[in-house]
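Beneath this line is the structure, given in structure tokens, with notes to follow.
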Amino acid sequence: MLVNIKINGHSYEFDVTKKDIVLNVLRNRLGLTGTKFGCGTGDCGACKILLDGEAVNSCTLPAWRCDGKEIVTIEGIGNVSNPHPIQEAFVEGGAIQCGFCTPGMIITAKALLDKNSNPTEEEIRESFKNNLCRCTGYVKIIDSVKKCSKES
Amino acid sequence: MENYSLEKEKIKRPNPITFKEKEKIDIVVSERKEDTIEPEYVGKREILADGLLKACGQLDYLDDMSFQDLLYGKILRSTIAHGKILSIDTEEASKVPGVKAIATWENTSPIRYNSLVRSIKDDFGMTEKIFDNVVRQYGDRVAAVAAETEEAAKEAIKKIRVEYEEYPGVYDPEEAYYSDIKIQPEGNRLPVTSREAGDVENAFREADDIIEYNLNTPMVHHLTLEPHVCVAKWDPGNELTVWAPQQGVFGVQINLCKIFELPYSKVRAIRTPLGGGFGVKVGIILEPICAELSRMAGRPVKIRLTREECMVSTWTRHSTKTYIRTALKEGEITGVDIRHFLNAGPHASNTASIPFAQVAKIYKLYNFENLKFTAIPVLTNTPLQGAMRGFGSPQIFAALDSAVENVAIKCGKEPLEFRKKYTAKSNDYNYLDPKDAVDDCTIDRCIEKGKEVFDWEGKKLLPKTEGKYIYGNGIGLGVHDNGIAPNEPDITGMTLSVYEDGSLCLSTGICDHGGGSYTILRQIIGEILLVPPQKISVETPDTKETPYDLGAYASRNTWVGGNCAIKVANQIKDKLLEYAKEYLECEYEDVIMLEDRFIDKNNKKEISRVDLISWVFFTKKEKIMVSDYFSSKKNAGSYGAHFARVRLDTETGEVKIIDYVACCDAGNPINPMLLEGQVEGGIQNGIGLALMEELLVDKRSGRVLNGNLKKYKIPIATDMPENLRVVFLNVYEKAGPFGAKSIGEAATVPVAHTVAHAISDALGGKEINKYPITPEMILLKLKS
Ligand code: FES
Ligand code: FES
């Protein structure tokens, strides 16, 4: 079936089957490899994208369900020559080690801060409940988000 | 006492270094910067060089890279834990459109190997084959398919028919030690390590009390966020190239050459960025399978494991069972007898090396008059177990430190003060491993500083209960090493070259596993050569292009890599100063190096750095570059005393860590931000071990019951301590690069037992004999 999805500001038309998953569409058809595969079962958050502003896992999301919706991936948040303040805060705050969880973390942080520009530490921790990181202990991730909230 | 030679290793300590003398120096000692000038880059919170790429999703991990003509591989896994393959029928599978190759034990290399050898001469047990006609664990590899698409490979795998003769399995190391069920033709017993200091038998004979303490620790999976992935390309010239997120490319080359009987010049291993390592990306797992499939298909093949395969079919932290008997006389510990069983899973792997690492460290933390340590590694039919952050230290120090804690509680002593009677002191003798000197021991200083920051005395006065909650405080000690010297060769090589514009290129086989090793190396080189770290590029480890390195394990990247970086940077500096002297027509001693130029301090004549490099090129017809290696001679201890305050919910058994202090000695910090990050991650890892992580194996079938993230939980943001503080002693280590020591593994060693001791305190001193300490366990303890 044909679906229309707006991705990082551009409109795309895809021919998809019921089984096509957004993560694979992004990675394999558009080469948007910033969104990572960590588990494929919706349990790690490495594949998070913004779907109409909500942070959702793309590895369990069928593409047909996104017809007419808008997706923002990590590439749509910012890039090396024009990074988003959250991306910069993560780098400067030491919130990144291996970096494999990072795109998903930043997507979650973006969704949170868009809705609540001044979250409490509690709220930040809660918002990361579906994002696993095995390197950082989350400490510097939480601090970096705090820093963004104060600055915004 | 065993007859160890008492001669301590002599370490040359030239200080400060003079560049003229440097060739003679084995252990590179950097100048203490505080006596001279403020360090420019060392000690700063330098950001990760590839941090922004990672933040923007623009760093390509292997699964993000494209390869021409790539085929996709899938592995068929055994559904039984032990048995013989009677037949494999691949006919239906081969008919699936797109299938290009099918590998089984019948058509792949039969050479036995050990995935973790570091040299062709290593004599770790060779028990593995790419595929075998015996499966030895649930999820063992049975066959593999390469196809045009992942879907086709998956479909083909489903169509392979396997007939097994099922054997009984054995899943407990103690049982397996005596069992008639033989997992390998050579039996189940791996070499036992037994060492003794003093006379333990006599201590027990003369004891007026004996206290026992046992601890079982679980199989814990590393759970790198990036799943295991590998690409292999066997080209028609019989040259094999493999790409993988590897902690050590040279080990891959060695093993593949052995398995396929290829010369080293024909096998090339390339590291791709690691999405986490922690010990599970050392050695070979997918490499030989991808290689075989690629050889058969004549095209490159990629295999990416599913999360479940990663958890069940790579390896885990060793599960252990430890029995400690303590002899007491007049309230003092006079003897300690440790029996430590290590579950290896079905292969030798490097399990028998764990006890060697453990014996080296015991006397770096505790100095008991009489101590016997017997480590018994045994094969079983559980998932394979192998290196993981800490390499046996978290398990052995959890048992030993808890045994001491337990004695203190039973004898009514204050546990912190009681410990200090037995902690090692600087220059104590390492009775179990005399070559590996104790040298500077800072555990008491970690205890003192941590006690103050945590407010140990104040916390003890706080109320123990509050409604349905009970509270407890705990302390835990640990140490980890820096590399594998002096017992084993611990070597790394580097090439450093100067570009025309003064920036630098470092070629190293060291693999940064994400913790920032390259950032550390850049800071070190930048400091010596006064070049901003951003102007130093680091090449991708590649057995064909970059110099040798042993591998990113044993906490060696900063220690060995940092020292090698100092060595090559000093040689470059020497060259630059020599050329500058010649150009400026002055004495070597009179040349002052600045970031942008060289000056003769007497007549102020100068040349810019860029002009000097060009002058060397055009006039001297030389290129400024250096290649050298560093062989580590010493192994310092990185110490930690951790403190925790926990809150237990007596209705649900839930544990909340409300306060945590880690006081660590990692030497003089090269990058405090990265150092903190390592400790924070190490704490998270230890909390998982203490409270929630265990790969469960069904006792009858050997099936793994929770090989997925729905059932196997790791700490999330809300599981971390509410108030977490990391403090460092900042003690300058003579043999460390700029006084630094390792932290990555040391960070996690004391965590689990610190949490356990706090829980035990909340429970009124009840013993904890098993990790993870689940809510069910706590409720049971509350009832008993
Ligand atoms: S890959 Fe989607 S949640 Fe893990
Ligand atoms: S930085 Fe490695 S998983 Fe988060």
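The values are calculated or read from the model by the stated rules, or taken from the named source; none is laboratory data. Everything numeric in this text was worked out from a predicted model, so none of it was measured. All Cβ positions, even for glycine, are placed from backbone atoms using ideal geometry, and neighbour counts span all protein chains on display. We work out accessible area using only protein heavy atoms, side chains counted, and drop any ligands, DNA or RNA first. Shrake-Rupley method; radii C 1.70, N 1.55, O 1.52, S 1.80 Å.
Observations on the structure shown:
- Among the residues of B:710-721, the average count of other protein chain beta-carbon atoms within 10 Å of the residue beta-carbon is 5.
- Ligands, DNA and RNA aside, B:Y732 has an accessible area near 40 Å² when probed at 1.4 Å.
- Per residue of peptide B:267-274, the mean number of Cβ atoms on other chains within 10 Å of the residue Cβ is 1.
- Solvent-free Debye calculation, one equal scatterer per alpha-carbon of region B:526-593: log10 I(q)/I(0) at 0.24, 0.25 Å⁻¹ equals -1.12, -1.16.
- Looking at the protein assembly as shown alone, DSSP beta bridges between its own residues are antiparallel in about 80 percent of cases.
- Residue list for region B:68-92, given a label point 7 angstrom along the Cα-to-Cβ vector of B:D235 and an amide N cut-off under 13 Å: B:68
- Separation of alpha-carbon centers, region B:725-784 and region B:175-189, rounded to whole Å: 34
- Counting every C-alpha pair in region A:85-148, the share spaced more than 17 angstrom apart comes to 26%.
- Gyration tensor (alpha-carbon) shape descriptor, region A:33-94, a/c threshold 1.5: oblate
- Computed FRET value (nearest 0.05) for B:S784 with B:E466, which takes r as the C-beta separation and R₀ as 25 Å: 0.65
- Sorted largest first by accessible area at a 1.4 angstrom probe radius, with every protein chain in place, the residues B:Y469, B:Y579 fall in the order B:Y469, B:Y579.
- Volume per residue of the convex hull around the Cα atoms, evaluated for region A:1-118, comes out as 104 Å³.
- When the helices of chain B are scored as -39500 (n - 2.57) per DSSP H run of n ≥ 4 and the total is divided over every residue, the value at 222 nm lands at -7500 deg cm²/dmol.
- Rolling a 1.4 Å probe across the protein heavy atoms gives region A:2-76 an accessible surface of 43 Å² per residue.
- Largest-first ellipsoid semi-axes for region B:564-665, taking √(5λ) over the Cα gyration tensor eigenvalues, angstrom: 55, 17, 13
- Dipole of chain B, positive end: most advanced residue of B:A387, B:L461, B:C663 [Cβ charges, Cα centre]: B:A387
- Reach of B:K575 by Cα under 23 Å, taken over lysines that are not fewer than 8 positions away in the same chain: B:K20, B:K22, B:K24, B:K33, B:K535, B:K567, B:K601, B:K604, B:K605, B:K620, B:K621, B:K623
- For chain B, taking the reciprocal of the average inverse distance between every pair of different Cα atoms yields a Kirkwood hydrodynamic radius of 27.7 Å.
- Shape of region B:657-747, Cα gyration tensor, a/c cut at 1.5: prolate
- Largest accessible area first, the residues B:W615, B:W559, B:W234 order themselves as B:W615, B:W234, B:W559 under a 1.4 Å probe with ligands, DNA and RNA left out.
- Region A:33-94 and region B:386-410: distance between their alpha carbon centers, rounded to Å: 41
- Estimated dipole of the protein assembly as shown in Debye, rounded to 20 [Cβ of Lys and Arg +1, of Asp and Glu -1, Cα centre]: 1020
- Average beta-carbon neighbours from other chains, 10 Å sphere, peptide B:221-228: 6
- When the Cα positions of B:Y579, B:V404, B:L648 are compared along the charge dipole of chain B, B:L648 comes out farthest toward the positive end, with charges on each C-beta of Lys, Arg, Asp and Glu.
- When only alpha carbons of region B:216-284 are considered, Rg and Dmax amount to 13.9, 51 Å.
- Solvent-accessible area lost on pairing B with A (1.4 Å probe, both sides summed) amounts to about 3900 Å².
- Taken per residue, the accessible surface of region B:445-603 reaches 35 Å², heavy atoms only and a 1.4 Å probe.
- Note on surface exposure: B:R700, B:R118, B:R339, B:R445 rank B:R700, B:R445, B:R339, B:R118 by accessible area, highest first, 1.4 Å probe.
- The Cα atoms of the protein assembly as shown give a gyration tensor whose axes a ≥ b ≥ c have a/c under 1.5, which makes the shape rounded.
- Dipole moment magnitude, nearest 20 debye, region B:400-536 about Cα centre, only Lys, Arg, Asp, Glu C-beta charged: 760
- In chain A, helices alone account for a calculated mean residue ellipticity at 222 nm of -8500 deg cm²/dmol, with every DSSP H run of four or more residues adding -39,500 (n - 2.57).
- Proximal lysines relative to B:K781, as straight alpha-carbon distance under 16 Å, when same-chain residues fewer than 8 apart are discounted: B:K468, B:K766, B:K770
- Rounded to the nearest 20 debye, the dipole size of region A:85-148 about its Cα centre is 160 debye, using +1 on the Cβ of Lys and Arg and -1 on the Cβ of Asp and Glu.
- Per residue, the solvent-accessible area of region B:90-165 (1.4 Å probe, heavy atoms of protein chains only, all protein chains present) comes to 45 Å².
- In the context of the full protein assembly, B:M126 retains an accessible surface of approximately 50 Å², using a probe radius of 1.4 Å and ignoring ligands and nucleic acids.
- Contour excess over end-to-end distance, with Cα ends at B:L594 and B:Q534 and 0.36 nm allotted per residue: 19.9 nm
- Within the accessible area of chain A, the carbon and sulfur atoms contribute 46%, probe 1.4 Å, all protein chains present.
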